[in-house]
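A short write-up of the structure that comes next.
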Amino acid sequence: MADTPFLLTPGPVPVPPEVLAVQSEPQQHHRSAAFVATYGEVLRKLKLVFRTEHDVLLFTASGTGAFESVFANLIEPGDRVLCVSAGAFGDRWVAMARAFGADVTVLECEWGRPPDPAVVAEAMADETLRLAVVVHSETSTATVTDIQAIGERTRGRKCLLAIDAVSSLGAVPIETDAWGLDVVVSGSQKGMSTPPGLSFASVSPAAWERSRETGTPRFYFDWKRTLDAQNGGGSPFTPATATVNALDVALDRVLDEGLEAIWERTRGLAGRFRARVLASGLELYSPDDESCSLVTAVQVPEGADANELRRAVLAAGYIIEGGRGRTAGKVLRFGHLGATDEGALNAGFDALLAALPA
């Protein structure tokens, strides 16, 4: 096995050498002029990637931490929340909403198929709802939801719309302002091709207004505390300085290539890979659809053991993911996000084919 196996997962994804190199530079103080300047540049660039003119908040936390900030700032115990669940991450937001005492309505959708925007919009028509949560890219099932259609159907409603874009930001189209999205949450370790440890939340004016009315206790994930610090030139608490510096370089790479070019590159990579899977005789769990270009889920053939196959691929020097929740043991997942290398992707798939039982 290689000393450092190639990452072929839905996240974390490979990190380019120039991004990694920044993390080995001498430690900076987080209140130094140089770091404060970098922090401000990261926030500016994030707004370009989110396609928003509104505030983007930066947290030293995983994507789940930034999503906790959504519930901490927007709902109180007893508030009605709609969670659209078509996979393991939709189920996670159901559990989190309940942990905050919300009265949760779960819109259960078929795993392996994107939720129907019309059905989501109909569920959001309930005027007693305070918040609706939708996963954009459900990596557990390798599907991507049509958030644009949901936003168009629900714009102007009192129910705020929060989007899990942890894996989709920077990899497939997402237009925060144009689609009328109230909160969009993402993280550093997927489309941004940066090490894990940072997460972001874009916040619309309507969401800010709601947060000022909400009395749920919060401290670390308090939006106002975070924004006040950012407006003053930094973070309210000690941030992951080396990772922020790495993200600054990674954002330059994203913006230099251009989001549209990245979206097209990702679609092409995924399409070629799906074609290889089907040509090999294996079957897809995920849709054979260019909109679902971030992850490919391959069905484990009858008589094969998913964990044994993953171990064989790892022995060849590549890391792939198994299923989660209902798909555990049933699928193997290959990511196409960020700086994923097509040569390594094909070599990892070759290792899988070699490991299949005769």
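Restricting to the stretch 305-342, what's the tally of residues that are of a type in the set (V, I, T) and touching a Lys or Arg at 6+ places or on another chain (Cβ under 7 Å)?
Number of matching residues: 1.
Quick one: which strands (runs of 3 or more DSSP E) sit completely within the stretch 76-153 and have at least 2 residues that are β-branched (V, I, T) and in the same structural domain as A297 (by TED's automatic domain parsing)?
Qualifying strands (runs of 3 or more DSSP E): none found.
Cβ-Cβ distance below 7 Å, separation of 6 or more or different chains: which pairs start in the stretch 61-73 with a residue that is farther than 12 Å from F219 by Cα and end on one that is assigned to a helix (DSSP H, G or I) and of a type outside the set (S, T, N, Q)?
Pairs found: F67/W93; F67/M96; F71/M96; F71/A97.
Checking V300 against (1) in contact with a Lys or Arg (Cβ under 9 Å, 6 or more places away or on another chain); (2) surrounded by fewer than 21 Cβ atoms within 10 Å (Cβ to Cβ); (3) without any contact (Cβ under 8 Å) to a residue 60 or more places away in the chain, which single condition isn't satisfied?
With respect to (1) in contact with a Lys or Arg (Cβ under 9 Å, 6 or more places away or on another chain); (2) surrounded by fewer than 21 Cβ atoms within 10 Å (Cβ to Cβ); (3) without any contact (Cβ under 8 Å) to a residue 60 or more places away in the chain, V300 is out only on (2).
Does the stretch 250-265 contain any residue that is farther than 30 Å from E152 by Cβ, in contact (Cβ under 8 Å) with a residue 24 or more places away in the chain and buried (at least 21 other Cβ atoms within 10 Å of the Cβ)?
Yes, some residue in the stretch 250-265 is farther than 30 Å from E152 by Cβ, in contact (Cβ under 8 Å) with a residue 24 or more places away in the chain and buried (at least 21 other Cβ atoms within 10 Å of the Cβ).
What are the residues in the stretch 29-75 that are under 18 Å from G232 (Cβ atoms) and not in a helix (DSSP H, G or I), if any?
Listed by number, the residues that qualify are H29, H30, R31, S32, D55, V56, L57, L58, F59, T60.
Test each condition in (1) touching a Leu at 6+ places or on another chain (Cβ under 8 Å); (2) touching a residue at least 24 places away in the same chain (Cβ under 8 Å); (3) not aromatic (F, W, Y) for T143 and report the one that comes out false.
(1)
Please identify the pairs in which a residue from the stretch 149-176 that is farther than 22 Å from S62 by Cα has its Cβ atom under 8 Å from the Cβ atom of a residue that is surrounded by 24 or more Cβ atoms within 10 Å (Cβ to Cβ) and charged (D, E, K, R), counting only partners at least 6 apart or on another chain.
These pairs meet every condition: L160/D182.
Quick grid of which residues meet (1) farther than 22 Å from H136 by Cβ; (2) modelled with pLDDT of 95 or more:
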position	(1), (2)
P10	no, no
V19	yes, yes
E25	yes, no
R51	no, yes
L57	no, yes
A72	no, yes
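When you look at A315, is it in the same structural domain as L269 (by TED's automatic domain parsing), surrounded by fewer than 16 Cβ atoms within 10 Å (Cβ to Cβ), over 13 Å from A142 (Cα atoms) and at pLDDT 95 or above, yes or no?
Judged against the criteria, A315 is a match.
For the stretch 318-331, what are the residues that are under 17 Å from V13 (Cβ atoms) and crowded, with 23+ Cβ neighbours inside 10 Å?
Correct list: Y318, I320.
Is there a residue in the stretch 334-347 that is surrounded by 19 or more Cβ atoms within 10 Å (Cβ to Cβ) and without any contact (Cβ under 8 Å) to a residue 40 or more places away in the chain?
no
The values are calculated or read from the model by the stated rules, or taken from the named source; none is laboratory data. Every value quoted in this text rests on a predicted model; they were computed, and no experiment measured them. FYI the Cβ positions are ideal-geometry reconstructions off the backbone, even for glycines, and counts take in every protein chain you see.
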